Structure formats: structure tokens, C-alpha cells
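**Q** This is the structure I have questions about; it appears just below.
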Amino acid sequence: MTIFSALLNLYTAMFKYLILLLSAGILISCKNKKAPLPDNQVVEIEDFINFFPEVTLPFKITDSGLFKKQGDSSIIGYTMFTQFLSDSVLRKDFGTTVNPVLYSLGRAKEKGRETYLLVKAVQAKKRVAYLVCLDKKNNYLNSFPLVKTGVGVYSAAYGVLDKKFQITTYRETKKATGETWYKRNVYVYNAGGNDFSLILTEPNEEMIENIFNPIDTFAKKNKLSGDYIRNEKNFISIRDGKKTSEILFFVHFEKDNEECVGEVKGTANMVSPTKAHYKENGNPCTIEFTFSGSAVVMKEIEGCGSFRDIKCFFEGRFTKKKEVKPKVPKKKK
């Protein structure tokens, strides 16, 4: 065998080996490539959860970030999504006739407690990022919209899930006067009430929006008077009564994507320094208000069905809104 033939055989063997390596690499790459979760695929809840990439907290998503292009590999089929999670997550924003395109953004688990999935829903220019909460057995609990587009005229908006599993929403509006109005709310998931409770608000704009509050302008000099809120559509307004032994109140709540609404206005009698009862002649409705620190707990003692839908009650804990004192202009020297 000549030297040339030997070299040719060597190069041929090396070429075949290189082809085998490349083929194996392509196969491995294809195998590891993430595929979407279409509706025709059968998966277990654990596979569904693991489809969401684990993220490091804090996780922040902005309104402009909702327009960032997502790869097709992160798409979740609508039927697949609603198989494991309630369709009520999407219904309020997209209705019952529209199926938005759904993308997995991430997941995070609080040790020994709930798992949180981050989902982006897209329909034309309308986009919403949701935080979906599951219990320790991976059952759906509740959901929370972190940030939306096409809602109001905001110059900036974002949502954050931090390391303490507190949820922050922020929105900012530039006024024609040059002023910046903002609202920053902080929530935590409340397992006892299966809802997201407001624990902090820093607004310099009115918190209660688009709902007529009939006692809003009434006096609130009493230390208990003020607005106690969960969010814009779930609040209790307390105002000074005609007597020191009375308080005026107005309650408005909306639950289950506005399918359950309640509203009542009246006068409650103080039965102790921290407790008031509402009861009117000719109506069985009885509501108890218990004040503690900067919060009030509302409890329906007896049937108030004439003031609410049948499947919900006047109940829950509400945090007092911090009063924003008007700025006093400085005198010119």
C-alpha cells in the first residue's frame, strides 16, 4: 500500500467519524429542544408545571416587555391550559368567545407553600401577564393580573414577584400639567381567604376608581374613619357618625371576575372601642366590623342576600389607605 492510499483511507475514516459525531449532535439537539404544549398532547400536571422555566426572583415584567417576541416553543394550547387551570383566569380580560395565544414565562415555588406560574396572554394588541397560584398538591387556587396593555393611558406600568413572594404593581401617568401620578400596590397571597390581600399602597392619585362612593365627601375626623381597601373594586369606606357611638359606612366588593357583587350603605353602632354592628329593622342583614391597627375585618353575621349575589358574602380583611397630605407650597424669599 502506498503512502497516498494510506492517507486516503485515514482521511476517509476520519470523515465518517466526523459525520457520526455531527449526526449524534443533531439528534441530541433535537431531543433537547423545547417543544410547545399543544392541545392534542396528553401530559400530567407535573409535566405542565415543569414546562414553565424556573426563574430567579425578583421577577419583573413591564408593559413594554409584553410586546417582546416569544418563541413558539413556549406556547401552551388553550385547551391544555384550561385543563389544569380555570378559564376564569382569562375570561375577565378576553371574554368567553376569544382564545388568546398563551406563553409560559416562568415559575417559582415558595418553600413548603404555593407554586406560582407566570403566563402571558396575547390577542392582537391586548396583552396581559398573569400570576397563577397553585397549592402544594398542584391544584389551582387563584390568579392575579401583574400588568396589562391597552388599559388606561399609562406612561409606565410593571408587575413584580419578589423574593418574599410579595407582588407589586406599579403604574405611572404623565399629566398635561407636567405632574406624574403613580400608584404602587403591594399584595400577598392570603391562603385563608384564597385571595391576594393588599398590604401596602403608595398612591398620589385616588385609589377607588369608577365606583360612586355616596359617603366619600363626608367627615372623617374619627380615628377609625377612612378608606379600607383590597383593590379598586373591593373597599370599605368609614366616615364619622352623627354620634360618637356610630359610624357611617359604605361597602363595595366584586368577586369571581365580577360574577358576584355586593354593596351596602348604612350606620353601624359601636359595641366596643374596636367593634361595630350594622343592623336595621325589617331586614335580617347583620354585619360586624372589627378594627385592629390599620385594618378592619368584616363579617356577615346574618343573611344580607338583598345586598349581594347569592354565592358570596360580606367578609374579609381590608387595609386602611394611607392619607396623602397635600403639599404646602414654599414661600418665596
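The values are calculated or read from the model by the stated rules, or taken from the named source; none is laboratory data. Just so we're clear, the structure is a prediction, and the values are computed from it rather than from any experiment. Virtual Cβ from ideal backbone geometry, glycine too; neighbours counted across all protein chains shown.
**Q** State which residue is surrounded by the fewest Cβ atoms within 10 Å (Cβ to Cβ) when the search covers only the range 216-273 and only residues that are acidic (Asp, Glu), touching a helix residue (DSSP H, G or I) at 6+ places or on another chain (Cβ under 8 Å) and closer than 22 Å to Tyr187 by Cα. Please lay out each step first, then the result.
**A** Step one: filter the range 216-273 for residues acidic (Asp, Glu), giving 216, 227, 232, 240, 246, 254, 256, 258-259, 263.
Those left that are additionally touching a helix residue (DSSP H, G or I) at 6+ places or on another chain (Cβ under 8 Å): 256, 258, 263.
Filter again for closer than 22 Å to Tyr187 by Cα, leaving 256, 258.
Values: Asp256: 13, Glu258: 10.
Ranking the candidates gives Glu258 first.
**Q** Now for a different question. Going by the conditions given, is Tyr189 closer than 26 Å to Val55 by Cα and touching a helix residue (DSSP H, G or I) at 6+ places or on another chain (Cβ under 6 Å)? Break it down into steps so the answer makes sense when it comes.
**A** Details: closer than 26 Å to Val55 by Cα: yes; touching a helix residue (DSSP H, G or I) at 6+ places or on another chain (Cβ under 6 Å): no.
In short, no.
**Q** Collect the residues in the range 284-298 that are surrounded by 14 or more Cβ atoms within 10 Å (Cβ to Cβ) and either over 16 Å from Ile247 (Cα atoms) or small (Gly, Ala, Ser) (or both), keeping them in residue-number order.
**A** Our first condition is that a residue be surrounded by 14 or more Cβ atoms within 10 Å (Cβ to Cβ); within the range 284-298, this holds for 285-291, 295-298.
Correct list: Cys285, Ala295.
**Q** Which condition number does Lys92 fail, the rest of (1) in a loop (DSSP other than H, G, I, E, B); (2) touching a residue at least 60 places away in the same chain (Cβ under 8 Å) being met?
**A** Of everything listed in (1) in a loop (DSSP other than H, G, I, E, B); (2) touching a residue at least 60 places away in the same chain (Cβ under 8 Å), Lys92 misses just condition (1).
**Q** Another question about this same structure. If a residue has to be touching a strand residue (DSSP E or B) at 6+ places or on another chain (Cβ under 8 Å), within 21 Å of Gly193 (Cβ to Cβ) and in a strand (DSSP E or B) to count, how many in the range 277-314 make the cut?
**A** The total comes to 16.
**Q** If you don't mind, another one. Hey, among Arg113, Arg171, Arg107, which residue is at pLDDT 95 or above, farther than 20 Å from Asp256 by Cβ and of a type in the set (Lys, Arg)?
**A** Numbers: Arg113 fails: at pLDDT 95 or above; Arg171 fails: at pLDDT 95 or above.
Answer to the check: Arg107.
**Q** Looking only at the range 76-89, which residues are among the hydrophobic types (A, V, I, L, M, F, W, C), part of a helix (DSSP H, G or I) and under 18 Å from the mean Cα position of the chain (by Cα)? Explain how you work it out, then say what you get.
**A** Taking the range 76-89 first, the residues among the hydrophobic types (A, V, I, L, M, F, W, C) are 76, 80-81, 84-85, 89.
Right, trim to part of a helix (DSSP H, G or I) and you get 80-81, 84, 89.
Hits for the range 76-89 are Phe81, Val89.
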